[in-house]
Amino acid sequence: MSYEKVAQANSNIVIGTKQTLKAMKSGEVEEVFVADDADQHVTDKVMRLAKELNIPCQRVDSMKKLGEACDIEVGAATVAIKQ
């Protein structure tokens with residue numbers, strides 16, 4: 001379900017940890033997706049900020065699948081859907 005949600009919002013997403021954190025801080029994010037197989041020290045920042053800002057944070061199992069849902073050829077550690 002989570003991958004489908006990302007794929008459906010394809011034109012309204014932010015890909016990557018730095019961009020996701022930036023969008024979250026500026027109040028643009030509706031929901032965040034974090035890949036379980038991503039480096040934990042990278043994803044912890046996103047998950048912590050999501051909790052602080054009360055942004056729903058969904059975990060998915062694969063960076064590769066998350067990247068595919070975003071229509072990119074590489075894996076994605078984090079993806080945010082913008083409001």
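Considering every residue within region 51-58, establish whether at least one is modelled with pLDDT of 95 or more and either in contact with a Pro (Cβ under 9 Å, 6 or more places away or on another chain) or charged (D, E, K, R) (or both). Yes, that holds for at least one residue. Just a yes or no: is a residue in region 53-72 of a type in the set (A, V, I, L, M) and in contact with a Cys (Cβ under 8 Å, 6 or more places away or on another chain)? No - not one qualifying residue is present in region 53-72. Among the residues of this structure, Asp44 does not count as one that is in contact (Cβ under 8 Å) with a residue 12 or more places away in the chain and more than 12 Å from Val79 (Cβ to Cβ). Of the strands (runs of 3 or more DSSP E) that lie entirely inside region 21-83, those containing 3 or more residues that are surrounded by 21 or more Cβ atoms within 10 Å (Cβ to Cβ) span 29-35, 78-82.
For Met47, the conditions (1) of a type outside the set (Val, Ile, Thr); (2) under 10 Å from the mean Cα position of the chain (by Cα); (3) farther than 12 Å from Ala80 by Cα all hold with the exception of (3).
Mind checking which residues of region 19-40 are out of contact with any Pro (no Cβ under 9 Å at 6 or more places or on another chain) and closer than 12 Å to Ala76 by Cβ? Across region 19-40, the qualifying residues are Gln19, Thr20, Phe33, Val34, Ala35, Asp37, Ala38.
The values are calculated or read from the model by the stated rules, or taken from the named source; none is laboratory data. In this text the structure is predicted, and so the values were computed from the model without any measurement. All Cβ positions, even for glycine, are placed from backbone atoms using ideal geometry, and neighbour counts span all protein chains on display.
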